[in-house]
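A short write-up of the structure that comes next.
The values are calculated or read from the model by the stated rules, or taken from the named source; none is laboratory data. Everything numeric in this text was worked out from a predicted model, so none of it was measured. Here the Cβ positions follow ideal geometry from the backbone for every residue, glycine too, while neighbour counts run over all protein chains shown.
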Amino acid sequence: MEQLFDLALFNSALRMLTPILLAALGGALCARVGLFNVGLEGLMLIGAFSAIVGNHYFGNTGAAIAFSIGCVSLFALLFAYLCIHLRANVIVVGIAMNLLAAGLTTFSLRTLFNVKGAYYNKDMVGLPKWEIPLIKDIPVVGDILSGHSPLVYLAIVLVGAMWYYFYRTIGGFRFLAAGDNPLAARSLGIQVRRYQYGAMLACGVLCALAGAQLSLGQVTMFTEGMTAGRGFIALVATMLGQSGPLGVAAASLLFGLMDAFSIRLQGFAMPSHFTQMVPYAVTIAAMFFFKNKEFVKDAQSSGTSSR
Amino acid sequence: MDKWKKLTASLLGPAAAIALGLLAGSIAIVIAGGSILETYAEMWKGAFGSLYFLTSTLNRATPVILVGLGAAVAFRSGFFNLGAQGQMALGGLAAALTALYVPGPGWIVAIVSMLVGIAAGGLWSAFAGYMDARFRMNLLITTLLLNYIATLFASYMVAYPFKDKTGSAAMAQSQMIDNAIWLPKLFKGMPAHVGLLLALVAMVALYVYLTRTVSGYEARMMGGNPLFAVYGGVRRTPLMLGVMFASGGLAGLAGAGEVLGSQYRYIDNSFVAADFAWTGIMAALLANAHPIGTAIAAFFLVALQTGGMGVEMNTDVPLEIGDVIQAVLILFITVKFVRGFRRRRKEGDPNGAAV
């Protein structure tokens, strides 16, 4: 058992949960203003790809991340405009965004870099690993928390920031009100649409960071469809965490741990198929304890708030 | 006159979506260094150019239509079943194994295999429905998660216990099924098979069920207004289990048809790679879960994909051009233009009920 659970497991769990956590926080922002964002996967994929493109052309991770944020924000704005101003079906647009991202990244991979499948270039620089001065010397905590890319720490800070924004600021209350009951919020003079655009844009930025962590964090390369369902997992984390920052963080932690755990199990001659199932099976088991609202209540609340 | 105005207004959105899709495609073609007209001509030829290409489009459309119908019946009843991918994989796997190991005359085994495929997909889907009805576990999440478990399980089955060890060892796939069990082709030497007829029968049956039967009316009522439906005496749990079984069963039949009529074995990852499940769900969403509209939408979405393959074969433009056009088209197709928007606001949001 000692080989199964050690500090490195938690260390890699933290690394694996970061993209999921970042995207899930974005999903939570959208969910809170009544936009159910199925397009996390696609936005993340665009983020991962544009981060590599930025890295290739600017040769600098900071510029690469900025470029990635710019690109994904553009798509997020399009998403928001279609759903908010043109009243398109949010789920349809979300799934279309996933298809568009898959097609567009593969298409661009072949036209920009002339490769199929994956792009790798040894000249590209990955994200730095930060050793945090004081914490790294603490025996247990240091091994877990130290030596990650800056985005990992940013994700943790963002959980706190979002909690503070939601529950301790006036803007956050208005944000939640705009989602809870748009009609009532509008009658109080809250610009509901402005909050919806803001949420979508912030979600784009978060997904860009999630994608950058994927393509620049652990490995410095892009492969077709490299998000591999993480966007959907993030969506599940959003719903499981009931769109609150702390709940979302807990759900993402569960996924990160199970992910790291499943890789560890592969060392025990288990077929990888079963170890890969572990995160999903555990989530279903966890859902047993987070009951859904009664569908009657669900229907009643959807009757009072028009989207 | 008013009727014509309504018709043109309802066609305005799709027409604009198609125009924008083609425009985005043109930009992509220019960036890739191709000629726009030539590429689109190749695309048309790749999808409908000859009887062979047309039937191969129809062949690919068969599972997509079935998955779409399955999604449509669930959406109509207000149950958001996103688990088609896993249900289809289990249906395909179950059909392949039945066809391999059950003895008997070919056509009987074929029918039994399809029924087993339907049962496998249907039960997997009804399991998610049961968890929602009994333990109030969100259907949307469970169906999404069960996808991964089902596809991984199917991959395991053909990678270890039922792996084809006779041919090239590298592929994870089951053995080839006996050709007495293969579903007959519609035209000699052409890809489309009898599964297409089954899909069309299912389409008509679903249309009749939804519009002409009591149970279909209850299902639509549940989708339109669950409170009213329950108040009116509809029992939600049996309805949910039944609808989810039908929905997953159609996805299972899609997998079974693909195995028995087109691939003749269960090949790991082949359903996921072709994106049958999500295209089918998309078709149902685009057609607002109308059975006949779903089938038509499925056919055209698939035509864009097969057209893309024609483009890749004959020009330098990558086949993903089809995906790009398809995605842009879908992005804009549910857009409501100003006229519709004002009216909708009064009625409330009819699409909101599906979520």
Check: Of the residues that sit in the range A:72-123 and are among the charged types (D, E, K, R) and farther than 20 Å from residue A:58 by Cα, which one is farthest from the other protein chains (Cβ to nearest Cβ)?
Finding: A:116
Margin query: Going through A:99, A:127 one at a time, which residue ends up being buried (at least 16 other Cβ atoms within 10 Å of the Cβ) and part of a helix (DSSP H, G or I)?
Written below: A:99
Margin query: Given the condition more than 28 Å from residue A:286 (Cα to Cα), away from chain B (no Cβ under 14 Å) and in contact (Cβ under 8 Å) with a residue 12 or more places away in the chain, answer yes or no: does some residue in the range A:240-248 qualify?
Written below: no
Item checked: All positions within the range B:311-322 that are crowded, with 23+ Cβ neighbours inside 10 Å and either within 11 Å of another protein chain (Cβ to nearest Cβ) or not hydrophobic (A, V, I, L, M, F, W, C) (or both) -> B:317, B:318, B:320, B:321, B:322
Checklist line | Single residue of A:108, A:50 found to be hydroxyl-bearing (Ser, Thr, Tyr), surrounded by 24 or more Cβ atoms within 10 Å (Cβ to Cβ), out of contact with any strand residue (DSSP E or B) (no Cβ under 7 Å at 6 or more places or on another chain) and closer than 20 Å to residue B:320 by Cα | finding: A:50
Note to self: For a quick check of your reading of the model, give me the residue pairs whose first member lies in the range B:228-246 and is away from chain A (no Cβ under 14 Å), whose second is surrounded by fewer than 16 Cβ atoms within 10 Å (Cβ to Cβ) and part of a helix (DSSP H, G or I), with beta-carbon atoms closer than 9 Å and at least 6 apart or on different chains.
What the structure shows: B:242/B:215
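Answer yes or no as to whether residue B:71 is buried (at least 24 other Cβ atoms within 10 Å of the Cβ) and aliphatic (A, V, I, L, M).
Taking the combined requirement at face value, the residue satisfies it.
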Notebook entry, point to check: Quick check: anything in the range A:51-73 under 30 Å from residue B:75 (Cβ atoms) and either part of a helix (DSSP H, G or I) or touching a residue at least 40 places away in the same chain (Cβ under 8 Å) (or both)?
Noted result: yes
Notebook entry, point to check: Limited to the range B:321-355, what total is found for residues that are of a type in the set (Asp, Glu) and modelled with pLDDT of 80 or more?
Noted result: 1
Check: Hey, any hits in the range B:97-112 for a residue that's more than 13 Å from chain A (Cβ to nearest Cβ), under 19 Å from the mean Cα position of the chain (by Cα) and over 16 Å from residue B:282 (Cβ atoms)?
Finding: no
Check: Any idea which residue in the range A:209-231 is farthest from residue A:11 (Cα to Cα), counting only those that are of a type outside the set (Gly, Ala, Ser) and buried (at least 22 other Cβ atoms within 10 Å of the Cβ)?
Finding: A:222
Notebook entry, point to check: Does residue B:122 fit the bill of being under 22 Å from residue B:304 (Cβ atoms), at pLDDT 90 or above and in a helix (DSSP H, G or I)?
Noted result: no
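Could you please find all residues in the range B:124-140 being under 14 Å from residue A:289 (Cα atoms) and facing chain A (nearest Cβ under 10 Å)?
Across the range B:124-140, the qualifying residues are B:131, B:132, B:135, B:136, B:137, B:138.
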Next item on the list: Within the range A:279-292, identify whether any single residue is of a type in the set (D, E, K, R), within 13 Å of chain B (Cβ to nearest Cβ) and over 28 Å from residue A:66 (Cβ atoms), and answer yes or no.
Entry: yes
Notebook entry, point to check: How many of the residues in the range A:173-190 are in contact (Cβ under 8 Å) with a residue 12 or more places away in the chain and either outside any helix (DSSP H, G or I) or closer than 16 Å to residue A:29 by Cβ (or both)?
Noted result: 10
Notebook entry, point to check: Is it the case that the range B:207-216 has a residue that's in contact with a Leu (Cβ under 7 Å, 6 or more places away or on another chain) and more than 14 Å from chain A (Cβ to nearest Cβ)?
Noted result: yes
Note to self: Looking for something at pLDDT 90 or above and either assigned to a loop (DSSP other than H, G, I, E, B) or surrounded by fewer than 24 Cβ atoms within 10 Å (Cβ to Cβ) (or both) - is there at least one such residue anywhere in the range B:135-148?
What the structure shows: no
Check: Got a sec? Which of B:48, B:80, B:53 is of a type in the set (Phe, Trp, Tyr), under 28 Å from residue B:143 (Cβ atoms) and surrounded by fewer than 24 Cβ atoms within 10 Å (Cβ to Cβ)?
Finding: B:80
Checklist line | Neighbours by Cβ (under 8 Å, 6+ apart or cross-chain): first from the range A:216-235, within 14 Å of chain B (Cβ to nearest Cβ) and at positive phi; second buried (at least 24 other Cβ atoms within 10 Å of the Cβ) and aliphatic (A, V, I, L, M) | finding: A:225/A:45
Next item on the list: State which residue pairs qualify: first residue over 19 Å from residue B:293 (Cβ atoms) and inside the range B:207-218, second residue modelled with pLDDT under 90 and among the aliphatic types (A, V, I, L, M) in any location, beta carbons under 6 Å apart, and separation of 6 or more residues or different chains.
Entry: B:218/B:234
Check: Among the numbered criteria (1) touching a residue at least 60 places away in the same chain (Cβ under 8 Å); (2) over 24 Å from residue B:183 (Cβ atoms); (3) surrounded by fewer than 22 Cβ atoms within 10 Å (Cβ to Cβ), which single criterion is violated by residue B:293?
Finding: (1)
Margin query: Anything in the range B:265-308 that is within 11 Å of chain A (Cβ to nearest Cβ), touching a Ser or Thr at 6+ places or on another chain (Cβ under 7 Å) and of a type outside the set (A, V, I, L, M)? List them, or say none.
Written below: B:268
Item checked: Which listed residue, of A:159, A:152, is under 19 Å from the mean Cα position of the chain (by Cα), at pLDDT below 85 and crowded, with 16+ Cβ neighbours inside 10 Å -> A:152
Check: Tell me, which residue of the range A:270-307 that is polar (S, T, N, Q) and modelled with pLDDT under 75 is nearest to residue A:256 (Cα to Cα)?
Finding: A:292
Margin query: The conditions are (1) under 29 Å from residue B:295 (Cα atoms); (2) modelled with pLDDT of 85 or more; (3) within 14 Å of another protein chain (Cβ to nearest Cβ), and residue B:195 fails exactly one of them. Which is it?
Written below: (3)
